[in-house]
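K.L.:
Before I ask anything, let me first share the structure, which is written out below as structure tokens.
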Amino acid sequence: MGASQQRVVRAYRSAHREAQARRTRQRVLRAATAVFLGRGYAGATMRAIATEAAVSVPTVESLFGTKARVLKAAIDVAIAGDDEPVPVLDRSWAGAALGAETVEELLWIVAGVLGPAQARSAGLVLALLEASPGDAELAELSGQMIAQRATTAAWLVDALARKAPLRAGCTREEAIDTVWVLMDPAVFDRLTRQRHWTRERYQRWFAGSVRRLLIADSPPPPTISARSST
């Protein structure tokens, strides 16, 4: 076998191993999601995750290190909807939202992404937040999740402000905090699980609430007097 053929074989084997490793990682994350949602963070164990994924505990540990890191990875995939290494705000939907012609169109695009992301990730995020007070690693990860939500809220507020003025008296900081609260996974969980809202209703509520709370009302069209119309 010549040198060029050997390089082709090595490249093929390397690509095969990478694809296999990615499939294993995806399987472990699907298993971890089921275990965390079913048992909560405290009840979930690395062994339970490994058993659900049909792999060994050392395999899970080699992929993620700790149970907290498994949870964080599961949350990241749940929010994005896949394991592609592309930041959420660099994805195609964000470009479409920025290119929207109206505030309403922008908010509907964002709500259409937020609703499914919340449905996939809210339970996992709440498991992280609820367990974080007694665990330093979880507390750090929880802080990262809270900061990420603030970054997304700021992105949305700035995108809105480029299309319409904020209502009188509403500062950028207040607007960011308002969106940050509306995006809270606990809000989604309570509305959909406890108040039995559909995901579509949540999306309409989110878009409408942001519009009403943040954006200045358009001035009414000028009236035409009887004298000027004659």
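The values are calculated or read from the model by the stated rules, or taken from the named source; none is laboratory data. Computed from a predicted model, the values in this text were never measured in an experiment. Glycine also receives a Cβ, built like all others from the backbone with ideal geometry; neighbour counts cover every protein chain displayed.
K.L.:
Restricting to the stretch 111-134, name every residue that is touching a Pro at 6+ places or on another chain (Cβ under 9 Å) and either outside any helix (DSSP H, G or I) or of a type in the set (Gly, Ala, Ser) (or both). Don't jump to the end; show me each part of the working.
P.N.:
Residues of the stretch 111-134 that are touching a Pro at 6+ places or on another chain (Cβ under 9 Å), as a first pass: 118, 121-126, 129.
Across the stretch 111-134, the qualifying residues are Ser121, Ala122, Gly123.
K.L.:
Select from the stretch 76-86 the residues that are touching a residue at least 40 places away in the same chain (Cβ under 8 Å) and within 30 Å of Ala161 (Cβ to Cβ) and write down the one among them that is surrounded by the most Cβ atoms within 10 Å (Cβ to Cβ). Break it down stepwise before answering.
P.N.:
At the first step, the residues of the stretch 76-86 found to be touching a residue at least 40 places away in the same chain (Cβ under 8 Å) are 77-79, 83.
Filter once more, so that each one left must be within 30 Å of Ala161 (Cβ to Cβ): 78-79.
Numbers: Ala78: 21, Ile79: 23.
So, considering only residues that are touching a residue at least 40 places away in the same chain (Cβ under 8 Å) and within 30 Å of Ala161 (Cβ to Cβ), the one surrounded by the most Cβ atoms within 10 Å (Cβ to Cβ) is Ile79.
K.L.:
Right, here's the next one. Any residue in the stretch 64-75 that is on the phi < 0 side of the Ramachandran plot, at pLDDT 95 or above, assigned to a loop (DSSP other than H, G, I, E, B) and buried (at least 16 other Cβ atoms within 10 Å of the Cβ)?
P.N.:
Checking the stretch 64-75: not a single residue is on the phi < 0 side of the Ramachandran plot, at pLDDT 95 or above, assigned to a loop (DSSP other than H, G, I, E, B) and buried (at least 16 other Cβ atoms within 10 Å of the Cβ).
K.L.:
Suppose we keep only residues that are out of contact with any helix residue (DSSP H, G or I) (no Cβ under 6 Å at 6 or more places or on another chain) and of a type in the set (Ser, Thr, Tyr) within the stretch 129-152. Which one would you say is nearest to Thr198 (Cα to Cα)?
P.N.:
Thr152
K.L.:
Testing Leu107 on (1) under 19 Å from the mean Cα position of the chain (by Cα); (2) in a helix (DSSP H, G or I); (3) not assigned by TED's automatic domain parsing to the domain that holds Ala136, one condition comes back false. Which one is that?
P.N.:
That leaves (3) as the condition not met.
K.L.:
Considering only the stretch 42-63, state which residues are in a loop (DSSP other than H, G, I, E, B) and of a type in the set (Gly, Ala, Ser).
P.N.:
If the condition is that a residue be in a loop (DSSP other than H, G, I, E, B) and of a type in the set (Gly, Ala, Ser), then Ala44, Ala54, Ser56 are the ones that fit.
K.L.:
Tell me whether the stretch 156-172 contains one or more residues that are surrounded by 15 or more Cβ atoms within 10 Å (Cβ to Cβ), hydrophobic (A, V, I, L, M, F, W, C) and under 17 Å from the mean Cα position of the chain (by Cα). Even if it seems obvious, please write down each step before you answer.
P.N.:
Of the stretch 156-172, the ones surrounded by 15 or more Cβ atoms within 10 Å (Cβ to Cβ) are 156-157, 159-161, 163-164, 166, 170.
Adding the requirement that they be hydrophobic (A, V, I, L, M, F, W, C) leaves 156-157, 159-161, 164, 166, 170.
Filter once more, so that each one left must be under 17 Å from the mean Cα position of the chain (by Cα): 156-157.
Yes, the stretch 156-172 contains a residue that is surrounded by 15 or more Cβ atoms within 10 Å (Cβ to Cβ), hydrophobic (A, V, I, L, M, F, W, C) and under 17 Å from the mean Cα position of the chain (by Cα).
K.L.:
Condition test on Arg167, is it outside the structural domain of Gly38 (by TED's automatic domain parsing) and more than 30 Å from Thr45 (Cβ to Cβ)?
P.N.:
Details: outside the structural domain of Gly38 (by TED's automatic domain parsing): yes; more than 30 Å from Thr45 (Cβ to Cβ): yes.
When the stated conditions are applied, Arg167 passes them.
Yes/no matrix, rows are residues, columns are (1) closer than 27 Å to His196 by Cβ; (2) not hydrophobic (A, V, I, L, M, F, W, C):
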{"site": "Val70", "(1), (2)": "no, no"}
{"site": "Asp82", "(1), (2)": "no, yes"}
{"site": "Leu89", "(1), (2)": "no, no"}
{"site": "Val103", "(1), (2)": "no, no"}
{"site": "Ile109", "(1), (2)": "yes, no"}
{"site": "Leu114", "(1), (2)": "yes, no"}
{"site": "Ala119", "(1), (2)": "yes, no"}
{"site": "Ala127", "(1), (2)": "yes, no"}
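K.L.:
Something else now. Return the residues of the stretch 142-166 that are under 18 Å from Ala96 (Cα atoms) and basic (Lys, Arg); say none if nothing qualifies.
P.N.:
Start the filter on the stretch 142-166 by keeping residues that are under 18 Å from Ala96 (Cα atoms), which leaves 152-164.
Correct list: Arg162, Lys163.
K.L.:
Also, quick follow-up: Name the single residue, out of those in the stretch 87-105 being within 22 Å of Leu128 (Cβ to Cβ) and among the aliphatic types (A, V, I, L, M), that is surrounded by the most Cβ atoms within 10 Å (Cβ to Cβ). I'd like the intermediate steps shown before the answer.
P.N.:
Here is the first cut: in the stretch 87-105, the ones within 22 Å of Leu128 (Cβ to Cβ) are 87-89.
Going one step further and asking which of them are among the aliphatic types (A, V, I, L, M), we end up with 88-89.
Details: Val88: 17, Leu89: 15.
Selected residue: Val88.
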